[in-house]
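Have a look at the structure below, then the notes.
Taken together, the values in this text are just the output of simple stated rules run on the coordinates, not laboratory data. Computed from a prediction, not measured in an experiment: that's the story for all the values here. Cβ placement follows ideal geometry from the backbone for every residue including glycine, while neighbour counts extend to all protein chains displayed.
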Amino acid sequence: ASTPTSRFVLNEGEAFDQKTKLTWSRCSVGTHWNKGAKCVGSTKLMRLNEAKQYAQKLGDGWRVPTVEELYGIIEQACSNPAMNSDVFPNVKDLGEGAPYWSITKIEEIPTLIYFVDFLSGDADGHTKDFAMAVRLVRSKR
């Protein structure tokens with residue numbers, strides 16, 4: 001496994017990655033942590049600017065991750081979802097996969113921003129005005 005549960009320190013709705021020293025929200029934006037059911041609610045799809053504003057309003061260092069950070073939590077041994085479901089539960093198909101925003105521009109096509117599909121584990125690009133899911137990260141514990 002590329003992202004074994006032992007790599008993370010789980011604290012309810014947060015997962016501290018001991019390898020990267022990043023703290024992840026275990027739930028997608030729009031859902032919230034519920035101890036018994038894990039992540040409950042409906043994943044909210046947002047344009048990139050909305051996602052950045054949401055993270056800023058939350059404060060405490062939360063932000064939209066880079067594509068490298070997102071790809072770092074993809075579980076190479078899994079698909080549908082390509083995530084460690086014990087660490088990041090309730091990842092669901094949002095209609096055309098489970099695309100999650102990064103803030104990384106595609107260098108060759110700067111109008112496109114990378115996203116990572118949490119079902120397939122693939123990265124691709126889209127315009128910032130497309131609505132996708134968001135998983136927030138912060139650099140401090």
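Placing +1 on the Cβ of every Lys and Arg and -1 on the Cβ of every Asp and Glu, with no other charges, gives segment 2-141 a dipole of roughly 680 debye about its Cα centre.
Each stretch of four or more DSSP H residues adds -39500 (n - 2.57); spread over every residue of the chain, this sum gives -3000 deg cm²/dmol at 222 nm.
Lysine pair count for the chain with Cα-Cα distance under 19 Å and sequence separation of 8 or more or different chains is 13. For the chain, the longest principal axis of the Cα atoms and the long axis of helix 48-58 meet at an angle of about 40 degrees. Descending by average beta-carbon neighbour count within 10 Å, the peptides 88-101, 36-49 line up as 88-101, 36-49, the highest first. Unpaired Cys in the chain, meaning no second Cys C-beta under 4.7 Å: C78.
Which FRET efficiency, nearest 0.05, do S120 and R47 yield, Cβ-Cβ r, R0 25 Å?
Result of the calculation: an efficiency of 0.70.
Between A77 and T20, 0.36 nm times their residue separation minus their Cα-Cα distance comes to what? Could you put the intermediate results ahead of the total?
Details: separation 57, 0.36 × 57 = 20.52 nm, distance 1.93 nm.
Working it through step by step, the gained length comes to 18.6 nm.
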